[in-house]
Each structure stands twice: as C-alpha cells, then as structure tokens.
Amino acid sequence: MIKYARKTYSKEKQLDFDVLDIQTKELPAKYISEFDHIFSFHALHWCFDIKQAFKNIYRMLRPNGTMLVLVVSLHPICKVIQETIQDNRFAPYIKDVNISPVWPFQDSVNPNRELKGLLKEIGFKIDHCSHRNVYHFDDNSDQFLSSILAFLEFIDNIPHDQKEIFKKEIARKFTETQISFKRSSDNKTVILNVYNLLIAFAKK
C-alpha cells in the first residue's frame with residue numbers, strides 16, 4: 001500500500017508516506033512534536049493497546065495541535081471474528097497477531113465517558129466527544145468483508161484450503177447478523193449496516 005502511494009503521488013512534494021505502529025512504546029524521535037493535525041478514521045479500534053496509541057498521538061502533536069478520530073465501538077463483524085477464530089479448525093493458526101479481534105470499547109457500558117476519561121488522563125483538552133448510532137445501505141456485503149479480511153494478517157498463517165473455509169464461515173455468520181429488504185424503487189435487495197461509532201476532536 002505504501003509503495004503504491006509513494007509511486008502514485010511521487011510528484012506531490014508535500015506528501016510523504018511512512019509506516020508506524022501507533023502502539024509502540026518506543027516512539028521514534030522524528031515523530032515527536034512534529035504534527036499540527038492528526039486524524040484517524042475507522043482504524044484505531046484494531047489496536048490492542050488503545051491507551052498507548054493515544055499517548056503516542058499526543059506526543060506526536062505540537063502544542064495546540066489537534067486530533068480528530070472516528071473509532072468503531074461496536075459492530076456485528078467483531079463478534080463474528082471472535083467466534084470464528086475460536087473454532088478448532090482455525091485457532092491453531094491464530095497466534096501472536098498484531099491486530100486485536102476484541103475491540104477496545106465493545107464491552108463498555110458507556111463508551112463515550114470511557115473515551116473522554118482516557119483522553120483527559122493523557123492530557124488532551126476535549127472539544128468534542130460523542131457516541132453515535134450509524135447506518136448505511138449496501139447492495140451486498142462482499143466489498144465490506146474484503147476490506148475487513150484484509151486487516152486480519154493471521155489469515156496468511158492458515159493453509160489455503162482452510163483459508164477459503166475461514167472466509168466463507170466469516171461471510172455466512174456475518175450474513176446472519178444483517179437486515180436485508182427489497183428496495184421499492186427497483187426491487188433490488190438492500191442490506192442495512194448498523195454499528196456504533198465514537199467521534200472525538202481534541203487538542204494538545
């Protein structure tokens with residue numbers, strides 16, 4: 001992905017692309033106090049250590065720098081992944097992964113209050129923090145599932161024949177969680193995708 005971005009936007013002198021584990025406990029000096037704005041959309045919920053991720057973001061910001069993040073707190077796909085990786089057919093191949101199948105706020109009684117408390121503890125000044133119900137319509141879930149599966153790096157550890165079974169199992173279980181109906185305008189089947197989202201805008 002980074003190679004593609006560098007090649008595609010090589011003429012854009014103001015753009016640079018790099019790789020960083022935002023959960024690292026040894027943040028490279030070149031990133032400290034180097035950014036006026038940091039944003040992350042639909043990504044941080046994959047972190048094992050969300051607190052360390054926000055600590056690093058705080059350190060990366062310059063004084064008065066701002067952060068805008070969208071963090072999925074609850075989505076049906078998370079439970080589907082949790083159940084599937086515990087299946088005896090796949091569990092032996094899923095070890096030492098860097099992506100958490102258990103999202104940071106999925107079991108929280110009050111995700112909004114929990115996130116606010118975490119950000120304040122780190123030192124952020126919170127301008128906005130809210131927890132919202134989000135929904136959108138899809139003609140099919142294939143593209144969504146493909147993007148989710150791309151995050152699951154442990155899939156490469158599963159033998160090819162089992163890998164296809166794993167993907168089909170994820171798709172089957174996820175389909176069972178979806179609400180679908182016929183659209184009156186063209187009689188096509190539409191899938192309603194519903195999940196919960198945290199939105200935070202904060203300043204260093």
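Every number in this text was worked out from the coordinates using simple rules, so none of it is lab data. Treat the numbers as computed from the prediction; the structure is a model and nothing was measured. Virtual Cβ from ideal backbone geometry, glycine too; neighbours counted across all protein chains shown.
With only alpha-carbon atoms in the gyration tensor, what are the semi-axes of the equivalent ellipsoid for segment 1-122, in Å, largest first?
28, 21, 13
To make sure I understand, if each residue's beta carbon is the centre and we count other beta carbons within 10 Å, what order do Lys188, Lys116 fall in, fewest to most?
Lys188, Lys116
Quick check for me: using +1 on Lys/Arg Cβ and -1 on Asp/Glu Cβ, what's the dipole size of the chain about its Cα centre, in debye to the nearest 20?
Magnitude of the dipole: close to 580 debye.
Listing Met67, Met60, Met1 from the residue with the fewest other Cβ atoms within 10 Å to the one with the most, what is the order?
Going from sparsest to densest Cβ surroundings: Met1, Met60, Met67.
Can you compute the equivalent ellipsoid semi-axes for the chain, i.e. the square root of 5 times each eigenvalue of the Cα gyration tensor, sorted largest first and rounded to whole Å?
31, 22, 19
Which of Lys167, Lys182 has the fewest other C-beta atoms within 10 Å, and how do the rest follow up to the most?
Starting with the residue having the fewest Cβ neighbours, the order is Lys182, Lys167.
In nanometres, what is the gap between the two model label sites at Asp142 and Phe201, each 7 Å from Cα along Cα-to-Cβ?
3.8 nm
Please name which of Phe174, Gln14, Ile158 has its Cα lying farthest along the dipole of the chain towards the positive end, using unit charges on Cβ (Lys, Arg +1; Asp, Glu -1) and the Cα centre as origin.
So the residue furthest toward the plus end is Gln14.
Just report the Cα centroid separation between segment 1-75 and segment 179-204, whole Å.
Spelled out, the Cα-based centre of one part sits 26 Å from the other.
Determine ³J(HN,Hα), in whole Hz, for all residues of segment 157-171 in sequence, where each value follows from phi through the Karplus function 6.51 cos²θ - 1.76 cosθ + 1.60 and θ = phi - 60°; x replaces Gly and Pro.
Using θ = phi - 60°, the values come out as 7, 8, x, 3, 5, 6, 4, 5, 5, 4, 4, 5, 5, 4, 4 Hz.
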